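Everything on this sheet refers to the single structure shown next.
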């Protein structure tokens, strides 16, 4: 098999090495469905007696996968996925090449006596063939750089998608546009928008992040988006990042499944196919609101203490209450970690003014005194604690236990999930055992938020 090993084959194509047995009598190779051929074989045909100056193929398939094997002789194979185009010399009877659906192929330069056997995953159907290259080209995915003029198109797609949340709305994403160089992409197929990629560019590091300024990024997709679409989009995105941005690395944080209205992990398969490795793992504590685990006794004890103190849970306002809560939060972060909240107070006020139905502040009060609070991001499917804080007195009297008892039993009882957020530091290499113990005491259990790295 003669091919420059440094050349990457187009999307989904790969060389298959068949078993080979050789002795003085000659050589024998074989293939089995699934075991060697990566599909159930529905049809086999073979081509032979082909004049050297003739070309075969010249089409792609909408649904059928194929494996081509030169059982005798050799030929050259041009394969094209609309982004990558590679010429391969097929000259070994013990090797075949997998062509998935959507790959244009042309066979030429046949050596005398060449015979080619083809295994396919589908019976013959005329309608499965695309024989017009311009038509084939119109089916390819294209990447378009996001521009501010596309804001409404972007936001409408997010709202109608199966995995978008308000964090991926441009009115949220762009609040820190001064700190992140946006390189978001919009993917079109046959003139229709099929996916969005929120992303920023670290030019000096040759890196694209999806997204460096958000809890998660990853592809935003619609209900009709498929695994094959994901492979095409990833191929197209990587080509754009390499050729247009000069990047050689993609950091990718997918949208966790709990935030999806429909199954939407097509990108996870595309990550695997593109050799992605896990770069960071965060353990979030999440409650399935339809199947709750009872509170631990320690949490029940805190609730009892708070009730005896006559504490109350109220929705705070973003005029005066937020300042009090922010002072408690900032003091705790500085004391424990020498850090500050990810957002500034002015940014938090701005975001809440843009998304008043999604961003809420809940406080525990004793009279006028604020003892504890949490800032909630509510997607309609998931309520997530963005920030949690309690004063020393609030900790002593079970204020947080009482707060989450009220939120889980009354305020967010109709949500599918309640997400307490992560309890890990240093890329997941340190688990804050005290923090996760508290969250698990309310019935939270682990959902993993991974960040992946693709090198190209």
### Query
For residue 336, are the conditions met, namely being surrounded by 15 or more Cβ atoms within 10 Å (Cβ to Cβ) and in the same structural domain as residue 444 (by TED's automatic domain parsing)?
no
### Message
So for region 165-184 (the condition being at positive phi and crowded, with 23+ Cβ neighbours inside 10 Å), does at least one residue qualify?
### Response
no
#### Entry: Yes/no for residue 188 being at pLDDT below 95 and part of a helix (DSSP H, G or I)
no
### Query
Can you find even one residue in region 388-407 that is buried (at least 19 other Cβ atoms within 10 Å of the Cβ), within 30 Å of residue 268 (Cβ to Cβ) and touching a helix residue (DSSP H, G or I) at 6+ places or on another chain (Cβ under 8 Å)?
yes
### Message
Return the residues of region 42-59 that are buried (at least 16 other Cβ atoms within 10 Å of the Cβ) and assigned to a loop (DSSP other than H, G, I, E, B); say none if nothing qualifies.
### Response
50
### Query
Can you tell me which of 30, 75, 45, 110 is outside the structural domain of residue 190 (by TED's automatic domain parsing), without any contact (Cβ under 8 Å) to a residue 24 or more places away in the chain and at negative phi?
30
### Message
Condition first: without any contact (Cβ under 8 Å) to a residue 40 or more places away in the chain and over 22 Å from residue 360 (Cα atoms). Can you find one or more residues in region 306-325 that meet it?
### Response
yes
### Message
Can you say whether residue 217 is outside the structural domain of residue 100 (by TED's automatic domain parsing), buried (at least 24 other Cβ atoms within 10 Å of the Cβ), in a loop (DSSP other than H, G, I, E, B) and in contact with a helix residue (DSSP H, G or I) (Cβ under 9 Å, 6 or more places away or on another chain), as far as the supplied structure shows?
### Response
yes
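May I ask you to verify whether residue 247 is touching a residue at least 40 places away in the same chain (Cβ under 8 Å) and outside the structural domain of residue 349 (by TED's automatic domain parsing)?
Spelling it out, residue 247 is indeed touching a residue at least 40 places away in the same chain (Cβ under 8 Å) and outside the structural domain of residue 349 (by TED's automatic domain parsing).
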### Task
State whether the residues of region 227-237 include one that is touching a residue at least 24 places away in the same chain (Cβ under 8 Å), surrounded by fewer than 17 Cβ atoms within 10 Å (Cβ to Cβ) and in a loop (DSSP other than H, G, I, E, B).
no
### Task
Find the residue count for region 140-159, including only residues that are touching a residue at least 60 places away in the same chain (Cβ under 8 Å) and in a loop (DSSP other than H, G, I, E, B).
1
### Query
Of the residues 253, 281, which is on the phi < 0 side of the Ramachandran plot, in contact (Cβ under 8 Å) with a residue 60 or more places away in the chain and surrounded by fewer than 16 Cβ atoms within 10 Å (Cβ to Cβ)?
281
#### Entry: Matching entry among 162, 189 (being more than 28 Å from residue 246 (Cβ to Cβ), under 20 Å from the mean Cα position of the chain (by Cα) and either buried (at least 19 other Cβ atoms within 10 Å of the Cβ) or in contact (Cβ under 8 Å) with a residue 24 or more places away in the chain (or both))
162
#### Entry: Enumerated strands (runs of 3 or more DSSP E) restricted to region 60-123, each holding at least 2 residues that are surrounded by fewer than 19 Cβ atoms within 10 Å (Cβ to Cβ)
66-72, 75-80, 85-90, 104-108, 115-120
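The values are calculated or read from the model by the stated rules, or taken from the named source; none is laboratory data. Just so we're clear, the structure is a prediction, and the values are computed from it rather than from any experiment. Neighbour counts run over all protein chains shown; Cβ positions are idealised from the backbone, glycine included.
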